[in-house]
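Peer 1: Dumping the structure here so I can ask a few things about it.
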Amino acid sequence: MTDLTDEIAASAAQCVVEEGLEYGPAKRRALKVLGLPPKTPLPNNDQVEAQVREYIEIFCADTQPLELLALRQHALMWMNRLAAYRPYLGGAVWHGTATRLSDIYLQLFCDDAKSTEIELINQGVDFEARTVNGLHGEPVEALSIHSFCKALNEEIGVHLLINDFDDVRGALKLDAQGRSPRGDAEAVKRLIEA
C-alpha cells in the first residue's frame, strides 16, 4: 500500500508544481490520472510536500529559487500594505515550495473583518469575498486579489484570510515537523535575505 501512496503523492506533486494546484485538488487529480477509484486512501500533506520538494529539485532547480524569491518579495509588499491587520504569510510561499504558479496566502488578524474590505477599497484594490475554512476549521472571510508581480511579469493570486484578533496565538503552533506554519513580516524579510 505504501508504494501506491507514494505514487499518488508523486503524481499529486507534479500537479502542484506544473499546474499550481493546492494539495487537496492535486491528490484527487492524481487518482484520476492513475485510474484509481475515488475511495483510494490518499497520502497526507507531508508526503505530498516531500514529493513536491523532490520534483522541484529535479525539474525546477534552475528557475524555482528566483520565482520563490519574487513571490516572497511580493507577499512582503502586501504585508507592509496591510500591516495594521497583523499579516502572517503561510502556505507554499512560506515553506519554500512555491513556483510562479503558486498563490500567496496571508492570514490577517483583526477585530472587524469589514475594516479590511474598507482598507482595500480605500487603496483602490478590487477583490472577491468568499467564505473558507479557517485555522480551526470554522468559516472565515477570505478576500482574493489578482495582483501584478513585476518580477514575474504576471498576475499572482493573493488570498487574505480574515481571523479574529486573538486567534494569532493558536496560529503559531508548530506543525508535525516542528516548523512554524507561518511567519510575520520580519520572518519573511529574514527568508528573503537568506
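The values are calculated or read from the model by the stated rules, or taken from the named source; none is laboratory data. Bear in mind the structure is a predicted one, so any value in this text is a computation, not a measurement. Because the Cβ atoms are built from the backbone with ideal geometry, glycine has one as well, and the counts that use them run over all protein chains shown.
Peer 1: Go through the residues of the range 94-102 one by one and say whether even a single one is out of contact with any Lys or Arg (no Cβ under 6 Å at 6 or more places or on another chain), over 28 Å from residue 48 (Cβ atoms) and touching a residue at least 60 places away in the same chain (Cβ under 8 Å).
Peer 2: no
Peer 1: Quick one: in the range 111-132, of everything that is within 20 Å of the chain's Cα centre (by Cα) and surrounded by 14 or more Cβ atoms within 10 Å (Cβ to Cβ), which residue is farthest from residue 170 (Cα to Cα)?
Peer 2: Filtering first and then ranking leaves 127.
Peer 1: Anything in the range 70-108 that is polar (S, T, N, Q) and within 19 Å of residue 125 (Cα to Cα)? List them, or say none. Can you show your working first?
Peer 2: First, the residues of the range 70-108 that are polar (S, T, N, Q): 73, 80, 97, 99, 102, 107.
Within the range 70-108, 73, 80, 107 qualify.
Peer 1: Then there is this: Kindly establish whether residue 185 is touching a residue at least 24 places away in the same chain (Cβ under 8 Å) and within 18 Å of residue 80 (Cα to Cα).
Peer 2: Numbers: touching a residue at least 24 places away in the same chain (Cβ under 8 Å): yes; within 18 Å of residue 80 (Cα to Cα): yes.
Considered against the rule, which asks whether it is touching a residue at least 24 places away in the same chain (Cβ under 8 Å) and within 18 Å of residue 80 (Cα to Cα), residue 185 comes out as yes.
Peer 1: Any residue in the range 17-35 that is surrounded by fewer than 13 Cβ atoms within 10 Å (Cβ to Cβ), more than 19 Å from the chain's Cα centre (by Cα), not in a helix (DSSP H, G or I) and not charged (D, E, K, R)?
Peer 2: Yes.
Peer 1: Pairs please, first residue from the range 105-116 and in contact (Cβ under 8 Å) with a residue 40 or more places away in the chain, second anywhere and basic (Lys, Arg) and surrounded by 21 or more Cβ atoms within 10 Å (Cβ to Cβ), Cβ atoms under 8 Å, 6+ apart in sequence or on different chains.
Peer 2: Final answer for the pair search is 107/182.
Peer 1: Additional query: Find the residue count for the range 153-171, including only residues that are under 27 Å from residue 66 (Cα atoms) and surrounded by fewer than 17 Cβ atoms within 10 Å (Cβ to Cβ). I'd like the intermediate steps shown before the answer.
Peer 2: First pass over the range 153-171, keeping only residues under 27 Å from residue 66 (Cα atoms): 153-161.
Adding the requirement that they be surrounded by fewer than 17 Cβ atoms within 10 Å (Cβ to Cβ) leaves 153-155, 157.
Summing the residues that are under 27 Å from residue 66 (Cα atoms) and surrounded by fewer than 17 Cβ atoms within 10 Å (Cβ to Cβ) in the range 153-171 gives 4.
Peer 1: Within the range 177-188, can one find any residue that is over 28 Å from residue 64 (Cα atoms) and either among the hydrophobic types (A, V, I, L, M, F, W, C) or not in a strand (DSSP E or B) (or both)?
Peer 2: Here is the first cut: in the range 177-188, the residues over 28 Å from residue 64 (Cα atoms) are none.
No: the range 177-188 contains no residue that is over 28 Å from residue 64 (Cα atoms) and either among the hydrophobic types (A, V, I, L, M, F, W, C) or not in a strand (DSSP E or B) (or both).
Peer 1: Could you say whether any residue in the range 160-173 is under 23 Å from residue 101 (Cβ atoms) and modelled with pLDDT of 90 or more? Let's see the steps before the verdict.
Peer 2: Keep residues of the range 160-173 that are under 23 Å from residue 101 (Cβ atoms), which gives 160-161.
This time we only want the ones that are modelled with pLDDT of 90 or more, so: 160-161.
Yes, there is a match, as at least one residue in the range 160-173 is under 23 Å from residue 101 (Cβ atoms) and modelled with pLDDT of 90 or more.
Peer 1: Oh, and also: List pairs: first in the range 7-34 and farther than 15 Å from residue 93 by Cα, second of a type in the set (D, E, K, R), Cβ under 6 Å, 6+ apart or cross-chain?
Peer 2: Going by the 6 Å Cβ cut-off, the qualifying pairs are 12/27; 15/29.
Peer 1: Against the definition (part of a loop (DSSP other than H, G, I, E, B) and at negative phi), how does residue 106 come out, yes or no? Give the derivation first.
Peer 2: Values: part of a loop (DSSP other than H, G, I, E, B): no; at negative phi: yes.
It is false that residue 106 is part of a loop (DSSP other than H, G, I, E, B) and at negative phi.
Peer 1: Just one of 132, 93 is outside any loop (DSSP other than H, G, I, E, B), in contact with a helix residue (DSSP H, G or I) (Cβ under 8 Å, 6 or more places away or on another chain) and closer than 22 Å to residue 26 by Cα; which is it? Full working, then the answer.
Peer 2: Numbers: 132 fails: in contact with a helix residue (DSSP H, G or I) (Cβ under 8 Å, 6 or more places away or on another chain).
After ruling out the rest, the residue left standing is 93.
Peer 1: Can I ask one more? So which of 87, 43, 38 is touching a helix residue (DSSP H, G or I) at 6+ places or on another chain (Cβ under 7 Å) and either modelled with pLDDT under 95 or on the phi > 0 side of the Ramachandran plot (or both)? So that I can check it myself, show each step before the final result.
Peer 2: Numbers: 87 fails: either modelled with pLDDT under 95 or on the phi > 0 side of the Ramachandran plot (or both); 43 fails: either modelled with pLDDT under 95 or on the phi > 0 side of the Ramachandran plot (or both).
Criteria check complete, one pass: 38.
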